[in-house]
Amino acid sequence: MRIVINRNADTPIYLQIKNRLREMIFSDVLPAGTILPPERSLAKSLEVNRSTVIKAYQELKADGLVDSHVGKGTIVLSQAKQAALPDGYINPLPWYQLFTETIAGSNDNIIGDIMAITGGDDLISFAGGIPAPSLYPVEIMREIQADLYRKTSREMFLHSPVEGHYPLRESISYLLRQRQIAASAKDTVILSGSQQGLDFAARIFIRPGDTVLVEEPTFFGAIQIFRSAGARVIGVPIDQDGLRTDVLEALLVRHRPKFIYTLPTFQNPSGVTLSLERRYQLLNLAYQYQLPVLEDDPYGELYYDSAPVPPLKALDRHGYVIYLSTFSKSLFLGLRVGWITAPPQVLAKFAHLKQMTDLHVNTPAQFLLDAFIRRGDYDNHIALLRQEYAGRRDRMLEALGKYKVPGTSWNKPLGGYYVWCRLPDNIVRHKLVANAGKRRVVFLPGEAFYPDGTQGDTHVRLNYTFVNPDQIEPGIKHFMQAVRETATDRDLENEHNIKPLV
Ligand SMILES: Cc1ncc(COP(=O)(O)O)c(C=O)c1O
């Protein structure tokens, strides 16, 4: 039996064995009735512990693919075997056979893993994309909430319209005007975070086998969603001016994508902003090739010096841009309120999906947000965040400079949440994660942000908004110590010639 084990992979060895056996069972290389090798002999031939094989067999059994009988060994099951089972015996449900191909194939749960990591108390976490907890406007929210519960009629406890609470849509139209986007309340639909917008876009536009273009690197949640809808996700490289529009045209001709997903302002993870010139180039290519543009803008209003160039939506004169934004990065993630503005035909499809999926966003949250914006609290809060996050960014850049290890470089973000840090060549990523983990520091490895998952081991994403500002310097010191410990001396001699993304 040929099972190749990759001892450097992140996937545990028992899972590699299980996955390979599962493949062989599904492809009939191991047909029903086949007796799998005894645990001890398979363990010996694979040079692994017997307990590793036992665990792999147990997983196969839990999935209903094999059964084990004392004296007979582990036997591959089939549906037909059901009839021959002893009275009262029920086969375990073979869940894997019931999942659709796209969902069965998507095993990575990076978002869930980060949510778990960022929960630890003694950890210095540069991993998540979370606003500063100390800046949550709790007192103001409490005051508004008390007021709402005192004064508001029953309306706050009923269903809202599918498209969202109309006054909040008006308030969002006000926020959009500040971003130079002319959209009335009726041009918006409120969503449960922009993640829901990405999911709806996938459901509206993607058929299995379609191609979607994304920046490379890009937000991993989007890669996950598009892929689970069956899309081929193809990356367009970026440089310090954002998406490489010169490369884009060739990819458009070759792949005829369904749409392009882009984060043009303070991109996640690179922090880069698409220049004005390239924004026009991207739109002109979109017009020429009839390419919808899905613009995701969670970070644009969080600028530190001057306002960035206008969103693509503000520059689009022909209704090609679908624009998503959210309150997750400006207020707090748990609100789960975001929105879309798009041409009416597209907006109607988003509203239809909203109705089918969960009817509407939580009504009290919409009332709360609307009051927060109308009272001017939102504008004040954003002004505070700009100032605070600029300070945190500076602390991180200063610490990176102070503890720099040869071969590392990074960008200076002008807004948003992230520093994208290049590592010395050839560093073994999982060793770096382990060495940093020993020092109780976490970050996000770069490959999460690449559609093919094989690139990106040259970079890590460091978030500076979430940690207590006083922890930034010790955290970066430990991070750089972990880099030094992980890299070989030869790697450290190689300074990169590559300009960091600015
Ligand atoms: C680029 C990008 N898009 C979407 C999201 C999801 O945002 P929301 O919480 O509004 O669903 C995030 C969150 O990290 C993000 O960085």
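Taking the Cβ of Tyr174 as the center, what net charge do the other residues with Cβ under 15 Å away carry, scoring Lys and Arg +1 and Asp and Glu -1?
0
Calculate how many DSSP beta bridges within the range 138-378 are antiparallel, expressed in % of all such bridges and rounded to the nearest 5.
Antiparallel: roughly 40 percent of the beta bridges in the range 138-378.
Expressed as an acute angle from 0 to 90° and rounded to the nearest 10, what is the orientation of the C-alpha long axis of helix 377-402 relative to the principal long axis of the chain?
Orientation of helix 377-402: about 60 degrees from the principal axis.
Relative to the longest principal axis of the chain, what angle (0 to 90°, nearest 10) does the C-alpha long axis of helix 166-178 take?
80
Sequence gap at least 6, Cα distance under 8 Å: using those rules, report the relative contact order of the range 423-470 to the nearest whole percent.
35
Quickly rank 339-345, 150-156 as a protection proxy: mean count of other C-beta atoms within 10 Å, highest first.
Per-residue mean Cβ counts within 10 Å order the peptides as 339-345, 150-156.
Roll a 1.4 Å probe over the protein chains and send me the accessible area per residue for the range 296-450 in Å².
Heavy-atom accessible area per residue stands at 36 Å².
Starting from the Cα of Lys438, draw a straight line to each of the aspartates and glutamates and keep only those under 16 Å, dropping any in the same chain fewer than 8 residues away.
List returned: Asp121, Asp122, Glu485.
With a ≥ b ≥ c the root eigenvalues of the C-alpha gyration tensor of the range 255-348, is it rounded (a/c under 1.5), prolate (a/b larger than b/c) or oblate?
Oblate shape, in that a/c is at least 1.5 and b/c is the bigger or equal ratio.
What order, most packed first, do the peptides 136-148, 59-71 have when packing is the mean number of other Cβ atoms within 10 Å of each residue?
Sorting 136-148, 59-71 by mean packing, highest first, produces 59-71, 136-148.
Give me the percent of DSSP beta bridges within the range 128-281 that run antiparallel, rounded to the nearest 5.
Antiparallel: roughly 20 percent of the beta bridges in the range 128-281.
For Phe157, tell me the accessible area in Å² from a 1.4 Å probe, rounded to the nearest 10.
Taking all protein chains as shown, Phe157 has close to 120 Å².
Using a 1.4 Å probe over the heavy atoms of the protein chains, calculate the carbon and sulfur portion of the accessible area of the chain as a whole percent.
52
Over 21 Å between Cα atoms: which of Lys55/Lys431; Lys186/Lys313; Lys329/Lys431; Lys329/Lys477; Lys329/Lys412 fall into that group?
The pairs that break the limit, which is 21 Å between Cα atoms, are Lys55/Lys431; Lys329/Lys431; Lys329/Lys477.
According to the square roots a ≥ b ≥ c of the eigenvalues of the Cα gyration tensor, what is the shape class of the range 180-335, taking rounded for a/c under 1.5, prolate for a/b larger than b/c otherwise, and oblate for the remainder?
rounded
Which lysines have a Cα lying under 24 Å from the Cα of Lys61, excluding residues fewer than 8 positions away in the same chain?
Cα-Cα hits under 24 Å: Lys18, Lys44, Lys72, Lys81.
For the chain, what proportion of DSSP beta bridges, expressed in % and rounded to the nearest 5, is antiparallel?
60
If I model a spin label at Glu473 and Leu359 as a point 7 Å from the Cα along the Cα→Cβ vector, what separation in nanometres do I get?
Taking the simple label geometry, Glu473 and Leu359 are separated by 5.3 nm.
If a/c stays under 1.5 just call it rounded; otherwise compare a/b with b/c (prolate if a/b is bigger, oblate if not). Do that for the range 405-491, with a ≥ b ≥ c from the square roots of the Cα gyration tensor eigenvalues.
oblate
Return a whole-number percent for the relative contact order of the chain, with Cα pairs under 8 Å and 6 or more residues apart as the contact set.
17
Cα axis of helix 50-62 to longest principal axis of the chain: angle in degrees, 0 to 90, nearest 10?
70
The values are calculated or read from the model by the stated rules, or taken from the named source; none is laboratory data. All of these numbers come straight from a predicted model, not from anything done at the bench. Glycine gets a Cβ as well: all are built from the backbone with ideal geometry, and neighbour counts include every protein chain shown. SASA here: full protein model, heavy atoms, side chains in, ligands and nucleic acids out. Shrake-Rupley method; radii C 1.70, N 1.55, O 1.52, S 1.80 Å.
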